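*Asks:* For reference, the structure I am asking about is given below.
What follows draws every value from the coordinates through simple rules; no lab data is involved. Source: prediction; values computed, not measured. Every residue, glycine among them, receives a Cβ derived from its backbone with ideal geometry; neighbour counts consider all protein chains shown.
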Amino acid sequence: MTQTSATPLSGRVAVISGASSGIGEATAEQLSGQGATVVLLARREDRLAGLAARIEKDGGTAVAIAVDVTDAAAVQAAADRVAAELGGADLLFNNAGVMLPAPIEELATGQWQHQIDLNVTGLMNTVGAFVPQLVEAGTERGVADLVNTSSIAAQNIFPNFAVYSATKAYVTHLSRHLRAELGPKNVRVSAIEPGIVGTELQSHVTDPGAREWLEGSKETMKWLAPQDVAATIGFLAALPPHVNLQQVTIMPTGQLS
């Protein structure tokens, strides 16, 4: 496909983790609409198949790979498949994650570990598997992108969100360091820090206080939609190769912190 103003990402291969719902799903549709071949990674095979079918019906190209990003070997196998079938990725959107707030005194150690495993270890597994492909693409094509989903919780203070916020601070700070390492190799690195986005994340919350706070916020502001974040990712990926949006904070207009 020839690049046009409507399809600025034609010829590019974008890998999206957490693609079965929310921001990942919306971003897959966004990048496909801009001309990219999209590789969909998530655990729920049925959801991935449905998304791939919709993208193909709309004229795009999608490859669905059911994988748990906390399984390093499985992620590497997915990366090997992308290299063999598509020549490698030049855009990686790390979006798989979970949010499980609770007062620290509850000692919800299982939830702590689940957030660390997915938000930190899972991200590192995808970085480890796909960064070599990004570096190769940056060398050969002059541009590649690594985009990581963080959160405003990386910067701001939210009681009862300590562990989740700490995992997102890791993502933001890691992204800064990776940009210093990979920028000279033509790999742009961006951390996306959204405010409240209406996704499945809220349905996973079990703490009553956090659920009440989230429900109350719906009455005072209009939350972001996944498509709002996806459009921003599509924008930064289509920028000229010498332009890198390092850190992007996306807030609902009515959210003050």
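*Asks:* For segment 141-250, rounded, prolate or oblate, judged on the Cα gyration tensor with a ≥ b ≥ c (square roots of eigenvalues), a/c < 1.5 rounded, else prolate if a/b > b/c?
*Replies:* prolate
*Asks:* List the aspartates and glutamates whose Cα lies under 19 Å from the Cα of Lys185, skipping any in the same chain that are fewer than 8 positions away.
*Replies:* Cross-link targets: Asp90, Glu136, Glu140, Asp145.
*Asks:* Rank Glu25, Glu106, Glu181 by mean-square fluctuation in a GNM of the chain with C-alpha springs under 10 angstrom and give only the top-ranked residue.
*Replies:* Glu106
*Asks:* Among the aspartates and glutamates, select those whose C-alpha is under 15 Å from the C-alpha of Lys168, and discard any that sit fewer than 8 residues away in the same chain.
*Replies:* Asp117, Glu193
*Asks:* In addition: Rounded to the nearest 0.05, what FRET efficiency do Ala162 and Met221 have when you use their Cβ-Cβ distance and R0 = 25 Å?
*Replies:* Once the sixth-power term is evaluated, E becomes 0.60.
*Asks:* Sticking with this one: Please find, in a Gaussian network model of the chain (springs between Cα atoms separated by less than 10 Å), the residue of Asn119, Asn244, Asn95 whose mean-square fluctuation is greatest.
*Replies:* Asn244
*Asks:* If you find the alpha carbon centre of segment 1-69 and of segment 152-195, how far apart are they in angstrom?
*Replies:* One Cα centre to the other: 23 Å.
*Asks:* When the dipole is taken about the Cα centre of the chain, and only Lys, Arg (+1) and Asp, Glu (-1) are charged at their Cβ, what size is it in debye, to the nearest 20? Could the numbers behind the result be given before it?
*Replies:* Working: 16 positive and 25 negative charges, 114 e Å.
Magnitude of the dipole: close to 540 debye.
*Asks:* Please rank Thr70, Thr139, fewest neighbouring Cβ atoms within 10 Å first, as an exposure proxy.
*Replies:* Result, fewest neighbours first: Thr139, Thr70.
*Asks:* Also, I was wondering about something else. Considering the values (1) 120; (2) 128; (3) 192, which represents volume of the Cα convex hull per residue in Å³ as calculated for the structure under consideration?
*Replies:* Read-out taken from this structure: (1).
*Asks:* In whole Hz and in residue order, list the ³J(HN,Hα) couplings for segment 130-140 that follow from phi through the Karplus curve 6.51 cos²θ - 1.76 cosθ + 1.60, θ = phi - 60°; x for Gly and Pro.
*Replies:* For segment 130-140, the Karplus curve yields 10, 4, x, 5, 5, 4, 4, 5, x, 5, 7 Hz.
*Asks:* Sticking with this structure for a sec: Explain nothing, just compute: Karplus ³J(HN,Hα) = 6.51 cos²θ - 1.76 cosθ + 1.60, θ = phi - 60°, for every residue of segment 81-87 in order, whole Hz, x for Gly and Pro.
*Replies:* Running phi through 6.51 cos²θ - 1.76 cosθ + 1.60 with θ = phi - 60° gives 5, 4, 5, 6, 8, 10, x Hz.
*Asks:* Using Cα pairs closer than 8 Å and at least 6 residues apart in sequence, work out the relative contact order for the chain, in percent. Show your work: numbers first, answer last.
*Replies:* Details: 505 pairs, mean separation 49.0, N = 257.
Result for the chain is 19 percent.
*Asks:* Calculated from DSSP H runs of 4 or more alone, at -39500 (n - 2.57) each and per residue, what is the 222 nm mean residue ellipticity of the chain, nearest 500? Write down the numbers at each step before the final one.
*Replies:* Details: 8 runs with 113 residues, N = 257.
That comes out to -14000 deg cm²/dmol.
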